[in-house]
Amino acid sequence: MSFIEVRNLKKSFGPLEVLKDLTFNVEKNDVLAIIGPSGSGKSTMLRSLIQLEEVEGGSIAVDGDHLVKDGFYAKPADSKKIIAKMGMVFQQFNLFPHLTVKQNLELAPKLVKKEQAKEYSDRSIELLEKVGLADKRDEFPSRLSGGQKQRVAIARALMMNPDILLFDEPTSALDPQLTKEVLQVMKKLAEEHMTMIVVTHEMEFASNVANRVIFMDKGLIVEEGNPQEVLKSPKELRTKQFLNY
Amino acid sequence: MNFDYFMSMLIPMLEGVKATVLLFVLAIVLSIPLGFMLTLAVRSSMKPISFLAQTYIYIMRGTPLLLQLLFFVFGLPLLPVIGEFLVLDRFVAATLAFILNYAAYFAEIFRGGLLSIDKGQYEASQVLGLSKWQTTTRVILPQMFRVTLPPIANESVSLVKDTALLYAVAVPELLHYAQTVVNRDFTIIPFFIAAGIYLLIAFALTIVFKYLERKLQYD
């Protein structure tokens, strides 16, 4: 049994079919990069996994529990537990602007997990050190650079101890310098065997850090395999075109 | 003009200030939460509730406050059948009109505030596992409140001045007492005193709101 099993996922926005019968697995400790042109359905697919989008057909199982089975969603109480195993990092960071960095990290452990103050306070400092931002703990997000914001967002997701992290184009809003500092943090997580799915346009990250790559186009998985296969010697014409071969 | 004479004008006017301030406080304290509930009703996914709330706001904003005041103070008791149960104290009836009118304006202010909040804030809350209630109270409302403070301050200052409309329904307040002294002594000084008092209240409000804005600053 794979950690995440996706079967025949289907979704439309009105008449537009954005996901057409997607099937794939994610194993524990995988770093899966999803690449493809804009509008290929990558982000929608990722957002479906954590129920930010509702699908119309197919199944999603996480750690053996079905979030959706043949288009039918689990009861809210069950889906809440399934979603709690996942963390998400957004392109636009989505930090809470009215809370300091440290408060951003601590809000969910405090409210959702009802942790003791010492517990979440210790862990937030530890995670901020990990992403190199312990000195910014009392700043508001508006005082941070984009790269710093994204690193805070990663730390915030880690606060909930997820089994898998989903990244939705985490560096697309950043310049190359800031992209680098975010990718470094993600690489460190990969080295610590964090399971990750990363929707990205960073081919270097896909080839150096990911152990699997999926190329999507027009709501379909066109090609998948290890980075060597998909990025260095793609078989499908559309993959070749996208990668400029 | 000696000090004693000045005080003989001021002291009855202070009686009026009490009514003015009481009306202001009641109206602001009750119309803000009512306005927020109206916003939620407008945004409700239940169509009839949303429609009713929108109609309510349309009527309250689209007709003069003075007309609404006259209706609540003199009109309600004239309604057929239920009128006899609606004979309220004039001050109470007028306060009710103010609350219901200002709630409509606050509802629109809050609606604007909610529109200004990025949907990413809801999504981030959702993936972190926050409940709807936690998202609203811990993430959305604090941001909405910060955004809506300046227009709320604006409405508050309007409300202070609108309390003078009580004059038209014969509820004694600041302006009423000023006018009385003007008539009694044939001097316009009480008008200046009244203006000074309104300005003082507005000034105090400005200070309070500036303080709140600084306190809630996060950018």
Nearest-ten-degree value, helix A:146-158 long axis tilted from longest Cα axis of chain A: 90 degrees
What is the set of long-range amide H partners of A:LEU165 at a cut-off below 5 Å, with H atoms built 1.01 Å from backbone N? A:GLY87, A:THR195, A:MET196, A:ILE197
What size of dipole, in debye to the nearest 20, comes out for chain B about its Cα centre when the only charges are +1 on Lys and Arg C-beta atoms and -1 on Asp and Glu C-beta atoms? 660 debye
Chain A: angle of helix A:117-130 to the longest principal axis, Cα-based, in degrees nearest 10: 60 degrees
Of A:LYS180/A:LYS235; A:LYS110/A:LYS187; A:LYS80/B:LYS47; A:LYS85/A:LYS188; A:LYS80/A:LYS113; A:LYS85/A:LYS187, pairs whose Cα-Cα distance is over 18 Å: A:LYS180/A:LYS235; A:LYS110/A:LYS187; A:LYS80/B:LYS47; A:LYS85/A:LYS188; A:LYS85/A:LYS187
Which is farthest toward the positive dipole end of segment B:143-217 among B:TYR198, B:ILE188, B:TYR211, measuring Cα position about the Cα centre, with Cβ charges +1 (Lys, Arg) and -1 (Asp, Glu)? B:TYR211
Probe radius 1.4 Å, ligands and nucleic acids left out: which of A:LYS149, B:LYS18 has the largest accessible area, and how do the rest follow? B:LYS18, A:LYS149
Gaussian network model of chain B, springs between alpha carbon atoms under 10 Å - residue of B:ASN101, B:ASN154, B:ASN183 with greatest fluctuation: B:ASN183
Give me the Debye-computed log₁₀ of I(q)/I(0) at q = 0.10, 0.11, 0.12, 0.13 Å⁻¹ for the protein assembly as shown, equal point scatterers on Cα only, no solvent, two decimals. -0.84, -0.93, -1.03, -1.14
Just to confirm a number: summing +1 for Lys and Arg and -1 for Asp and Glu over residues other than A:LEU67 whose beta-carbon lies under 13 angstrom from that of A:LEU67, what do you get? 0
Note on chain A: alpha-carbon gyration tensor, axes a ≥ b ≥ c; rule is a/c under 1.5 for rounded, else prolate if a/b larger than b/c, else oblate; result oblate
Are there any residues in segment A:85-119 with a reduction of at least 20 Å² in accessible surface when going from the isolated chain to the assembly of protein chains? Probe 1.4 Å, please list them by number. A:PHE90, A:ASN94, A:PHE96, A:PRO97, A:HIS98, A:LEU107, A:ALA108, A:LEU111, A:VAL112
For chain A, what is the calculated [θ] at 222 nm in deg cm²/dmol (nearest 500), taking -39500 (n - 2.57) for each run of four or more DSSP H residues and dividing by its residue count? -10000 deg cm²/dmol
Neighbour cut-off at most 14 other Cβ (10 Å), DSSP loop, trypsin sites (Lys or Arg not before Pro), segment A:1-81: A:LYS28
In debye to the nearest 20, how big a dipole does segment B:137-191 give about its Cα centre with +1 on each Lys and Arg Cβ and -1 on each Asp and Glu Cβ? 260 debye
MRE, 222 nm, helices only [DSSP H, n ≥ 4, -39500 (n - 2.57), over chain B, to nearest 500]: -25000 deg cm²/dmol
Pairwise FRET efficiency - B:THR63 versus B:GLN179, Cβ, R0 = 22 Å, nearest 0.05: 0.25
Loop-only trypsin sites (Lys or Arg not before Pro) in segment A:158-245, please: DSSP not H, G, I, E or B, and at most 16 other Cβ atoms within 10 Å. A:LYS218, A:LYS235
Sparse-neighbourhood loop sites, GluC sites (Glu not before Pro) in segment A:39-128 - DSSP loop, at most 12 other Cβ within 10 angstrom: A:GLU54, A:GLU56
Kindly point out which whole DSSP H helices in chain B project their C-alpha atoms 30 angstrom or further along the helix axis while averaging a Kyte-Doolittle hydropathy of 0.0 or above. B:3-43, B:90-115, B:189-215
So which lysines pass the test for A:LYS10, namely a Cα distance under 21 Å, with those fewer than 8 places away in the same chain ruled out? A:LYS20, A:LYS42, A:LYS69, A:LYS75, A:LYS218
Once you charge only the Cβ atoms, +1 for Lys and Arg and -1 for Asp and Glu, what is the size of the charge dipole of the protein assembly as shown about its Cα centre, to the nearest 20 debye? 100 debye
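The values are calculated or read from the model by the stated rules, or taken from the named source; none is laboratory data. Keep in mind it's a predicted model, so treat the numbers as computed, not measured. Here Cβ is always computed from backbone atoms with ideal geometry, including for glycine, and neighbour counts include all displayed protein chains. What goes into the accessible areas is simple: the full protein's heavy atoms, side chains included, and nothing from ligands, DNA or RNA. Shrake-Rupley method; radii C 1.70, N 1.55, O 1.52, S 1.80 Å.
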